[in-house]
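Peer 1: This is the structure I have questions about; it appears just below.
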Amino acid sequence: MQEPLDAIVMRDVVKSFRKRTIRGEYTTFKSELLRWLRGKRQPREGGLITALRGITLNIPRGKTVAIIGRNGSGKSTLLKLITGIYAPTSGHMEINGRISALLDLGAGFHPDFSGRENILINGIILGMSRAEVRERMDDIIAFSELGEFIDEPVRTYSSGMYMRLAFAVATHVDPDILIVDEILAVGDEHFSKKSMAKMTEFKKRGKTIVLVTHDLSTVERWCDEAAWIDGGYIRRVGRPSEVVAEYKQAIALAEAQSVVFTPPALTEDGGALPQVNVPGADAPVRLSGLKLVGPSGEVVPNLTPEASVEACVDFSAKGLCEDLVFEVSLQTLEGRALYETSTRVESVPLPRELPASGRVRFVLERLGLLAGTYVCEVTARTKGGISRETCTFVVSSSVAERGVFRPVHHWVVEPVPVAVAPVLAGVGHP
């Protein structure tokens, strides 16, 4: 029998929670029972809160898929539906394979049991037999690095120790699908790298990973696909770099306009997903064709730390743009900012009415970056929307320096002047 291509299939999935109203009076079991028997029990249930609205999503087998979105957008609810903690209110779900999940830190651990006992309990909950858990016990303990604390009650553990134990159990049950909800943000740098290496091993073995995270650089660098969820709707699914770019653009626009995306309610028959315009598509200033050029205007594919370079980008404008700001950012490939500035920060005057088309040049007399691969990002920001262009460039150097930038400097090697001893008048020496 041929295995299904998709590990997870969701079709028009809706999840609603029933609101409960709390009466302004205290009750006891006796008073509630009497009220019930007399037929005077007042209903406590109010309306519905819909967390997910018609989600349609396929997660292919063997792919790493990130779920991104703002807090309260429905990400954790989506994961709890996938893991079976919640049942959908309506719609179709299909899960193909054994699931292991890291949703809440230490969820399922009994505080009075030792780490070793909790490994056994959680392993069985996750679908392993007692013999399988015992067989993998030593590997789980070694990975968690808990040492002698493994036989202590988990209520004595720190949050980092909780996380290490939970991650070790979840990744050693050999799941087909691993669900991770922001838990990798807990822990020191050493264990974070170790955890990422374990998940990379999962990828190489063809496992399916669904990851919820706010670390967008990890999404772009490590994931095969990304799904952006907002207001309970899937707004975009696709290549991580493209989805993250639109997500950042929407967040920036919302901050500039102080607005929050509010999708329309579902129709009675389920309705179609709302058509959402890409933020910035109608921005009054649009950027295009960012490139790095030398002093004579030629494109420079490879740069050196001492190179003089210009970031040139063309723009098109529509009428008055009194609130326009141009921003420039130099970043690592992982998205870490190395340098950022803007026309507002540096009080650069801009004309109130831009030409229909023009060019912005950000001139660096000396680049100063050491050997490596970097990203240049230029943004045109207005209240009417933002437009952003990025390009990647390489810096090479024959000097084996370490770090990020080369400051302007020189060396001086010289002898230290010899101090002259003071001569004290009237004092003789033997």
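The values are calculated or read from the model by the stated rules, or taken from the named source; none is laboratory data. Predicted model only: the values in this text are computed from it and were never measured. All Cβ positions, even for glycine, are placed from backbone atoms using ideal geometry, and neighbour counts span all protein chains on display.
Peer 1: Taking strands (runs of 3 or more DSSP E) that do not extend beyond segment 281-376, which have at least 3 residues that are within 22 Å of Lys248 (Cα to Cα)?
Peer 2: Working: elements: 285-293, 309-317, 325-332, 337-342, 357-364.
Filter on segment 281-376 gives 285-293, 309-317, 325-332, 337-342.
Peer 1: Exactly one condition in (1) polar (S, T, N, Q); (2) over 25 Å from the mean Cα position of the chain (by Cα); (3) within 26 Å of Ile67 (Cβ to Cβ) is false for Thr156; which is it?
Peer 2: Tallying (1) polar (S, T, N, Q); (2) over 25 Å from the mean Cα position of the chain (by Cα); (3) within 26 Å of Ile67 (Cβ to Cβ), Thr156 fails exactly one: (3).
Peer 1: Select, from Glu306, Glu327, Glu310, the only residue that is closer than 16 Å to Arg388 by Cα, in contact (Cβ under 8 Å) with a residue 24 or more places away in the chain and assigned by TED's automatic domain parsing to the domain that holds Lys383.
Peer 2: On the way: Glu306 fails: closer than 16 Å to Arg388 by Cα; Glu310 fails: closer than 16 Å to Arg388 by Cα.
Sole residue among the options that is closer than 16 Å to Arg388 by Cα, in contact (Cβ under 8 Å) with a residue 24 or more places away in the chain and assigned by TED's automatic domain parsing to the domain that holds Lys383: Glu327.
Peer 1: Oh, and also: Name every residue in segment 220-247 that is assigned to a helix (DSSP H, G or I) and β-branched (Val, Ile, Thr), in order of residue number.
Peer 2: Within segment 220-247, the subset assigned to a helix (DSSP H, G or I) is 220-222, 240-247.
Val243, Val244, listed by residue number.
Peer 1: How many of the residues making up segment 56-81 are without any contact (Cβ under 8 Å) to a residue 24 or more places away in the chain and either surrounded by 18 or more Cβ atoms within 10 Å (Cβ to Cβ) or more than 23 Å from Ser217 (Cβ to Cβ) (or both)?
Peer 2: 1
Peer 1: Does Asp104 satisfy the criteria of being charged (D, E, K, R), assigned by TED's automatic domain parsing to the domain that holds Lys207, at positive phi and modelled with pLDDT under 85? Steps first, please.
Peer 2: On the way: charged (D, E, K, R): yes; assigned by TED's automatic domain parsing to the domain that holds Lys207: yes; at positive phi: no; modelled with pLDDT under 85: yes.
Here the answer is no, as Asp104 does not meet what is asked.
Peer 1: Can you find even one residue in segment 85-95 that is touching a Leu at 6+ places or on another chain (Cβ under 9 Å), in a helix (DSSP H, G or I) and surrounded by 14 or more Cβ atoms within 10 Å (Cβ to Cβ)?
Peer 2: No, segment 85-95 contains no residue that is touching a Leu at 6+ places or on another chain (Cβ under 9 Å), in a helix (DSSP H, G or I) and surrounded by 14 or more Cβ atoms within 10 Å (Cβ to Cβ).
Peer 1: Sticking with this structure for a sec: Please name all residue pairs, on different chains or six or more residues apart, with Cβ atoms under 6 Å, provided the first residue is in segment 148-162 and is surrounded by 12 or more Cβ atoms within 10 Å (Cβ to Cβ) and the second residue is assigned to a helix (DSSP H, G or I) and among the β-branched types (Val, Ile, Thr).
Peer 2: Between residues of segment 148-162 that are surrounded by 12 or more Cβ atoms within 10 Å (Cβ to Cβ) and residues that are assigned to a helix (DSSP H, G or I) and among the β-branched types (Val, Ile, Thr), the close pairs are Ile150/Ile141.
Peer 1: Additional query: Looking at Val427, Val394, which is the one that is at pLDDT 80 or above and either farther than 17 Å from Leu338 by Cβ or not basic (Lys, Arg) (or both)?
Peer 2: Working: Val427 fails: at pLDDT 80 or above.
The unique qualifying residue is Val394.
Peer 1: Considering only residues that are surrounded by fewer than 14 Cβ atoms within 10 Å (Cβ to Cβ), within 20 Å of Asp174 (Cβ to Cβ) and at pLDDT 85 or above, which ones fall in segment 107-133?
Peer 2: If the condition is that a residue be surrounded by fewer than 14 Cβ atoms within 10 Å (Cβ to Cβ), within 20 Å of Asp174 (Cβ to Cβ) and at pLDDT 85 or above, then Arg130, Ala131 are the ones that fit.
Peer 1: Let me ask something else. Would you confirm, using the coordinates I've provided, whether Val173 is loosely packed, with under 13 Cβ neighbours inside 10 Å, modelled with pLDDT under 80 and out of contact with any Cys (no Cβ under 6 Å at 6 or more places or on another chain)?
Peer 2: Numbers: loosely packed, with under 13 Cβ neighbours inside 10 Å: no; modelled with pLDDT under 80: yes; out of contact with any Cys (no Cβ under 6 Å at 6 or more places or on another chain): yes.
Answer is no for this residue.
Peer 1: Shifting gears a bit: What residue, of Thr208, Thr218, Thr200, is closer than 29 Å to Arg61 by Cβ and crowded, with 22+ Cβ neighbours inside 10 Å?
Peer 2: Values: Thr218 fails: crowded, with 22+ Cβ neighbours inside 10 Å; Thr200 fails: crowded, with 22+ Cβ neighbours inside 10 Å.
When all the criteria are applied, what remains is Thr208.
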